[in-house]
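Participant: One structure, as structure tokens, below. Some questions next.
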Amino acid sequence: MAQTLAQKLAITESQWQDCLLEHEKTGLSLVRIIVLRGIVSEEELLQTLSQQFNIPLIRLKPEDIDSELAKKIPAKLVTHYNFMPLRMKDKLLQVAINDPMEILALDEIKLFLKQDLELFLANQKDILESIKNFYGLGAETLEAMSGQSIPDLAMVSGKQDIKDEAIDPSVIKFLNQVFSDAIKQRATDIHFEPFEDQLRVRYRIDGILYEVALPPSIKNFQSSIASRIKVMANLDIAEKRRPQDGRVEIKMDEEVFDLRVSIMPTPFGESIGIRLLPRSSPVIGLAGIGLPADGLKILEETIAKPYGIILVTGPTGSGKTTTLYSCLNKINSAERKILTIEDPIEYQLKGITQMQVEPKIDFTFANALRSMLRHDPDVMMVGEIRDTETAELAVRTSLTGHLVFSTLHTNDAAGGVTRLLDMGIDSFLVSSSVILIIAQRLVRMICPKCKEKIPANPELLKQFGADKISTAAVFHGKGCESCRFTGYQGRSGIFEMMVITDEIRDLILKKVPSHQIKQKAVSQGMKVLRESGWDKIKLGQTTIEEVLRVTQEEI
């Protein structure tokens, strides 16, 4: 049988013997070994096996699986033998397998379940995805932990916590599974959220939170998980009443990630937020952040100026830091000295001196700015203007011949002016120093693999203005495996770019309300966020619903 199979697949005798030898040494299935070695594609191999063993080849889908039946079969057994139970039919248990040559494993499944099997072939990815969806991420690890005598860590001393958690392989394995899965899913954040009867785990992917399927037993181990994360981030494991922040570095598949850990106490346990930052992420060029041609020209002309303040505004997670990094990367050269002070340093920029604030030793944005001036910089970036002292120093620094980049938390570009005035900065200083304010948001892009044209919704079009209602069709993503059936994949920026012209400077000096400044900027050609989003809708890059989600109704 094996020889016939090898001939059909055009596998040489030496290749076959090598695969058999690795199978005996590692216990890995022959199908996985052949596929991983690149001898034959998995699709071709499974089709041949289907014919050879007379087993139907199926594309595993959620509707093929009886969830109630799946719950009765232990996750540990399913993951160990790499199969997915489907349903009962004519007293036979239908199961999806990846390797029909594992005769011994199939006999052991029959023996354990005391049930005859009807076999179906499926690819490895589908089987693993089904196991994760129906049993939850790390189900077999939690099952193993349930069989151990694990102390309730909320009830034992700090020293005991450290000893147990530092060496507990089950907790470590489970968290490694969570981190690995989050990275594969392109998540930017992981949230562990305790409630009275559950511990919810969610990933933020492309700006949207998605709940992770986990076994209900995860609630029993929330103290163990919190303690392990504290050990990793070098936090106080005994302190459960106060917020704590830390960071840890992990390595997955040769790529290094910085994990920013934040822990907050709640009535039902400690809530944990983890930001995932890939160390090797390339800095996106100005053209890659989503700027249209006219916006790109404005920004390139502004960052070429020798002095002034350029502000990027928007809520947390709107891509402000990426925009600032792209600007710095554009003007970075051997002739310019560039210094940054950040909280934290998200990505390393080659040729640029970067510093991180340390509040514990009073190394704040304001104190760092004073020190930076002694190093004779040409360009400075201040991660965020949070207080009056930092704002004053940034303004005065720009007026002494330096180009300063920074961020503010405001809803639109004109709101940046009002924010500085509210901080107590004199209007003449603001009008003299600020040269450009950019407001931005991130919109999800339509998945290119399932993109299709659909009729435009007239009710939604009304929100973009009367001149847009005649639009006949727009694009959307119908959902596919590549985009996790969301219809979206990746994000791009939409921008509101307010150049500080002489007319706007006069309005700033008069301290007029921000909506009047905005109206003047629009009359001079500024596109508001929603209009910028409309341009991306017309190009078929994003959807009407997505732009409406991230923008507010314009005044």
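Participant: Just one of (1) touching a residue at least 12 places away in the same chain (Cβ under 8 Å); (2) surrounded by fewer than 17 Cβ atoms within 10 Å (Cβ to Cβ) trips up Glu239, so point out which.
Facilitator: (1)
Participant: Quick check on the range 370-392: of everything there that is within 20 Å of Ile331 (Cα to Cα) and of a type in the set (A, V, I, L, M, F, W, C), which residue is surrounded by the fewest Cβ atoms within 10 Å (Cβ to Cβ)?
Facilitator: The selected residue is Leu373.
Participant: Considering the range 472-499 alone, what residues qualify as being without any contact (Cβ under 8 Å) to a residue 24 or more places away in the chain and either under 17 Å from Val550 (Cβ atoms) or open to solvent by less than 50 Å² (accessible area, probe 1.4 Å) (or both)?
Facilitator: Of everything in the range 472-499, just one residue is without any contact (Cβ under 8 Å) to a residue 24 or more places away in the chain and either under 17 Å from Val550 (Cβ atoms) or open to solvent by less than 50 Å² (accessible area, probe 1.4 Å) (or both), namely Ala473.
Participant: Mind counting the residues in the range 445-468 that are outside any loop (DSSP other than H, G, I, E, B) and open to solvent by 30 Å² or more (accessible area, probe 1.4 Å)?
Facilitator: The qualifying residues number 13.
Participant: Tell me whether the range 223-232 contains one or more residues that are in contact with a strand residue (DSSP E or B) (Cβ under 8 Å, 6 or more places away or on another chain), surrounded by fewer than 21 Cβ atoms within 10 Å (Cβ to Cβ) and farther than 17 Å from Gln177 by Cα.
Facilitator: no
Participant: Can I ask one more? Which members of the range 290-302 meet the condition of being under 29 Å from the mean Cα position of the chain (by Cα) and either under 26 Å from Thr390 (Cα atoms) or open to solvent by 40 Å² or more (accessible area, probe 1.4 Å) (or both)?
Facilitator: Of everything in the range 290-302, those that are under 29 Å from the mean Cα position of the chain (by Cα) and either under 26 Å from Thr390 (Cα atoms) or open to solvent by 40 Å² or more (accessible area, probe 1.4 Å) (or both) turn out to be Pro292, Ala293, Leu299, Glu300.
Participant: If you don't mind, another one. Report, by residue number, each residue of the range 51-68 that is modelled with pLDDT of 85 or more and open to solvent by 20 Å² or more (accessible area, probe 1.4 Å).
Facilitator: Scanning the range 51-68 gives Gln51, Gln52, Phe53, Asn54, Pro56, Leu57, Ile58, Arg59, Asp66.
Participant: Counting just the residues of the range 389-442 that are part of a strand (DSSP E or B) and β-branched (Val, Ile, Thr), which one comes out nearest to Glu342 (Cα to Cα)?
Facilitator: Thr407
Participant: Report yes if Thr542 is surrounded by 20 or more Cβ atoms within 10 Å (Cβ to Cβ) and either of a type in the set (Ser, Thr, Tyr) or in a loop (DSSP other than H, G, I, E, B) (or both), otherwise no.
Facilitator: Answer is yes for this residue.
Participant: Something else now. Quick check on Thr471: is it hydroxyl-bearing (Ser, Thr, Tyr), in contact with a strand residue (DSSP E or B) (Cβ under 6 Å, 6 or more places away or on another chain), in a loop (DSSP other than H, G, I, E, B) and at pLDDT below 95?
Facilitator: Answer is no for this residue.
Participant: A further question on this structure: One residue is enough: does the range 393-405 have a residue meeting the conditions of a type in the set (Lys, Arg), within 34 Å of the chain's Cα centre (by Cα) and surrounded by fewer than 21 Cβ atoms within 10 Å (Cβ to Cβ)?
Facilitator: no
Participant: Scan Thr313, Thr353 and give me the residue that is of a type outside the set (Asp, Glu) and either at pLDDT below 90 or under 20 Å from Leu408 (Cα atoms) (or both).
Facilitator: On inspection, the qualifying residue turns out to be Thr313.
Participant: Looking at the range 69-110 only, could you name the residues that are β-branched (Val, Ile, Thr) and either farther than 20 Å from Asn123 by Cα or surrounded by fewer than 16 Cβ atoms within 10 Å (Cβ to Cβ) (or both)?
Facilitator: Those that are β-branched (Val, Ile, Thr) and either farther than 20 Å from Asn123 by Cα or surrounded by fewer than 16 Cβ atoms within 10 Å (Cβ to Cβ) (or both): Ile73, Ile103.
Participant: Among the residues of the range 258-275, are any of a type outside the set (Val, Ile, Thr), open to solvent by 50 Å² or more (accessible area, probe 1.4 Å) and closer than 26 Å to Arg549 by Cβ?
Facilitator: Yes: the range 258-275 contains one or more residues that are of a type outside the set (Val, Ile, Thr), open to solvent by 50 Å² or more (accessible area, probe 1.4 Å) and closer than 26 Å to Arg549 by Cβ.
The values are calculated or read from the model by the stated rules, or taken from the named source; none is laboratory data. Bear in mind the structure is a predicted one, so any value in this text is a computation, not a measurement. Neighbour counts are summed over all protein chains in view; Cβ atoms, including those assigned to glycine, are modelled from backbone coordinates with ideal geometry. Protein only, heavy atoms only, side chains kept; ligands, DNA and RNA dropped before computing areas. Shrake-Rupley method; radii C 1.70, N 1.55, O 1.52, S 1.80 Å.
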